[in-house]
Amino acid sequence: QVQLVESGGGSVQPGGSLRLSCAASGIIFSYYQMGWYRQAPGKQRDLVALITSGGWPNYATSAEGRFTISRDNAKNTVYLQMNSLKPEDTAVYYCNAHLGSAEYWGQGTQVTVSS
């Protein structure tokens, strides 16, 4: 059974930082492209960042320069370091694992940026 379990969300003031983690089980983690997506109320789910099985990162324009995605294959975990957070970063953040036709999602973790 595949599980992606996110953690690290919470409330933070503008300009603050959070580090999200996603622990995967039930998959050969190192084979999978891992990603972070987010969905704000009333909006579609959008890509934030992804990292290939080889460790190459890609970022949405909104995340470039502020967020860093990384992975630890020994721990089956992908991270999203978020700095300089803005109110518009408020959303539920979802972890994604993708390999060919196989795709899995976590349950999401809430990030709220507010003064």
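On a per residue basis, region 18-115 carries 51 Å² of accessible surface, using protein heavy atoms and a 1.4 Å probe. Take every Cα pair under 8 Å whose residues are at least 6 apart in sequence, average their separation, divide by the length of the chain, and the relative contact order is 36 percent. The loop-placed trypsin sites (Lys or Arg not before Pro) in region 1-95, going by DSSP, that have at most 11 neighbouring Cβ atoms within 10 Å of their Cβ come out as Lys43.
The Cβ shell under 14 Å around Glu88 holds other residues with a net charge of +2, Lys and Arg each +1, Asp and Glu each -1. Sorting 55-65, 85-95 by their mean Cβ neighbour count within 10 Å, with the most densely packed peptide first, gives 85-95, 55-65.
Less than 5 angstrom separates the built amide H of Asn73 from none of the residues sequence-distant by 5 or more or on a different chain. Here region 54-94 has an Rg and Dmax of 11.5, 34 Å, counting Cα atoms alone. Only protein atoms count toward the accessible area here, which uses a 1.4 Å probe; on the chain, the carbon and sulfur part of that area reaches 47 percent.
The values are calculated or read from the model by the stated rules, or taken from the named source; none is laboratory data. Just so it is clear, the structure is predicted and the values come from calculations on it, not from any experiment. A quick note on method: Cβ atoms are made from the backbone with ideal geometry, for glycine too, and the neighbour counts reach across all protein chains shown. The accessibility values were calculated without ligands, DNA or RNA, using every heavy atom of the protein model including side chains. Shrake-Rupley method; radii C 1.70, N 1.55, O 1.52, S 1.80 Å.
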